[in-house]
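Asker: Below is a structure I'd like to ask you about.
FYI, it's all coordinate maths here, none of it is from the lab. Values in this document were obtained by computation on a predicted structure and should not be read as measured data. Note that each Cβ is placed from the backbone with ideal geometry, even for glycine, and that neighbours are counted across all protein chains shown.
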Amino acid sequence: MKETSVHRLEIAQLLDAPSVRRAFHIIDALADATMREHVAICEIPAPPFGEEQRAQYFERRFRELGLEEVRRDAVGNVMGLRRGWSDRPTIVMSAHLDTIFPSGVDVRVRRRNGRYHAPGIGDNASGLVALLALIEVVQRVRLTTIGTLVFLCTVGEEGEGNLRGVRHFFSADGWAEKTDAFISLDGHGVERIVSGALGSRRYRITIAGPGGHSWGDFGIVNPIHPLAEVIRQLVEYPLPRRPRTSLTVGRIEGGQSVNAIPQSASMDVDIRSTSSAILDQISEYVKCAVAQAVRQENARCAATGTRLSFDIRCLGDRPTGETPPNADIIRIAQEASRLLGIEPQLEWASTDANIPISLGIPAIAMGAGGNAGNPHTLDEWYEATNRELGLKRALLVMLALVGIPEI
């Protein structure tokens, strides 16, 4: 991990600072307004590759809150600066704009028994509203910082987005060299601190043939047959327990009718591991399994003169890595948690922090407070219990990294 100019402050000192005490009071006082904005954000659709409407909202809110140099970049990320006495350290506070839900899904929020129900209400409307709440608090307190804060809303964190927003941010305008620490506010909760970047490879496997009638053309190649054989081989693959690894067939489709031999069939495969070497190994196994299964089907049906072809397309490749447990950003996040009565848990996950971690930039992802359930489903819910605690922790970590001159 590269050397950084992260400013070192003891969290206990921050808790005693008058500006921080005022900020905590404002966080509590804004609880109802924060929840209203949370609902408003959730009800702005942000389907995969369709974050434009939500990006417009954040571009406007960043300007209203007084950030400098507010803009949208070439891929649709929204960013704004809050300058300190110096450009260093530069701390990036981030949250992703997109959801997994396609266009047309009803994202209206309904309240039942103290909970708010809607797709995306936790992941990641809760992280996005936390970003705005932090900006509003430091602006109201008129808090001066030593370094500069960059507030960033990214596109393409979920699914086939393949972290395209945060990838672009760190490949453009020299931000990889200018960033001293990166925090992603992602989802709910206060215990977890994601310091490990869970790597993944995602593939769409498509097998195609001539197709035909289930009776008249029986005996010709059938794309579903090798697809089923590949699935059998993947289910039986001896995955290692350490490093922890998963292999999931997440989607299959194909065929036109019950009485037709399909012209094509496809499936999506998700491989995850904390080890890049294991990802390489299983990826090669998947490709070999597909090629072998197609050869077998072609050989079985050779007398018919029909053949199958296949295509393997990479849908996503997320790097792995880890922010060392002794890094300043980890120490600060753990100390802030414990001083607020939270027992932190270091975890591995796939988040926007994967990219800076892979670049050697100190980075973590944290929950933004509150409780939630059923993520990535239409039954997702959120309740604001402990939201203020999550915001206070995020504020402490942010200020400890960027530095404030009063202590």
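Asker: Place the peptides 390-400, 229-239, 34-44 in order of packing, highest mean first, counting for every residue the other Cβ atoms within 10 Å and averaging per peptide.
Answerer: 390-400, 34-44, 229-239
Asker: Okay, next question. Round to the nearest 0.05 the FRET efficiency obtained for I146 and I26 when R0 = 25 Å and r is the Cβ-Cβ distance.
Answerer: 0.75
Asker: For an R0 of 35 angstrom, estimate the FRET efficiency from the Cβ-Cβ distance between A260 and E43 and round to the nearest 0.05. If you can, show how the numbers build up before the last one.
Answerer: Details: r = 42 Å, r/R0 = 1.21.
The value I calculate is 0.25.
Asker: Relative contact order for segment 51-113: what percent, with Cα pairs under 8 Å and sequence separation of 6 or more?
Answerer: Numbers: 38 pairs, mean separation 16.9, N = 63.
Computed value for segment 51-113: 27 percent relative contact order.
Asker: Let me ask something else. Show me the ranking of peptides 100-106, 114-120 by mean Cβ neighbours inside 10 Å, starting with the highest.
Answerer: Per-residue Cβ counts within 10 Å, averaged per peptide and sorted highest first, yield 114-120, 100-106.
Asker: Here's a follow-up. What FRET efficiency do you get for R71 and V249 if R0 is 41 Å and r is their Cβ-Cβ distance, rounded to the nearest 0.05?
Answerer: Given R0 = 41 Å and the Cβ-Cβ separation, E is 0.50.
Asker: Next question, about the same structure. Please state the shape class of segment 34-175: rounded when a/c is under 1.5, otherwise prolate if a/b exceeds b/c and oblate if not, all from the C-alpha gyration tensor.
Answerer: Because a/c hits 1.5 or more and a/b fails to exceed b/c, segment 34-175 counts as oblate.
Asker: May I pose another question? In the Gaussian network model of the chain, springs joining C-alpha atoms below 10 Å, which of F218, F24, F182 carries the largest mean-square fluctuation?
Answerer: Judging by the Gaussian network model, the answer is F218.
Asker: Can you give me the angle between helix 387-402 and the longest principal axis of the chain, using Cα atoms only, in degrees from 0 to 90, rounded to the nearest 10?
Answerer: 80
Asker: Still on this structure: So what J values fall out for segment 42-57 if you push phi through Karplus, 6.51 cos²θ - 1.76 cosθ + 1.60 with θ = phi - 60°, rounded to Hz, Gly and Pro as x?
Answerer: Result, ordered by residue: 4, 7, 9, x, 9, x, x, 6, x, 8, 3, 5, 5, 4, 4, 4 Hz.
Asker: Still on this model: Can you say what percent of the DSSP beta bridges in segment 1-150, counting only those with both residues inside, are antiparallel? Round to 5.
Answerer: 75
Asker: Note the full-extension length gain between E160 and R83 as 0.36 nm times their separation in residues minus their Cα-Cα distance, in nm to one decimal.
Answerer: 24.3 nm
Asker: Run through every distinct alpha carbon pair of segment 199-318 and return the Kirkwood hydrodynamic radius in angstroms, one decimal place.
Answerer: For segment 199-318, the Kirkwood estimate is 15.0 Å.
Asker: Could you give the nm distance between label points at N298 and R63, where each point is 7 Å from its Cα heading toward the beta carbon?
Answerer: Between N298 and R63, the label points sit 5.8 nm apart.
Asker: Rounded to the nearest 5, what is the percent of antiparallel bridges among the DSSP beta bridges in the chain?
Answerer: For the chain, the DSSP antiparallel bridge percentage is about 70.
Asker: If each DSSP helix of 4+ residues adds -39,500 (n - 2.57) and the sum is divided by the residues in the chain, what number results at 222 nm, nearest 500 deg cm²/dmol?
Answerer: Using -39500 (n - 2.57) per qualifying helix, the result is -11000 deg cm²/dmol.
Asker: Can you tell me the alpha carbon radius of gyration of the chain divided by the globular rule-of-thumb value 2.2 N^0.38 Å?
Answerer: The chain yields a ratio of 1.12.
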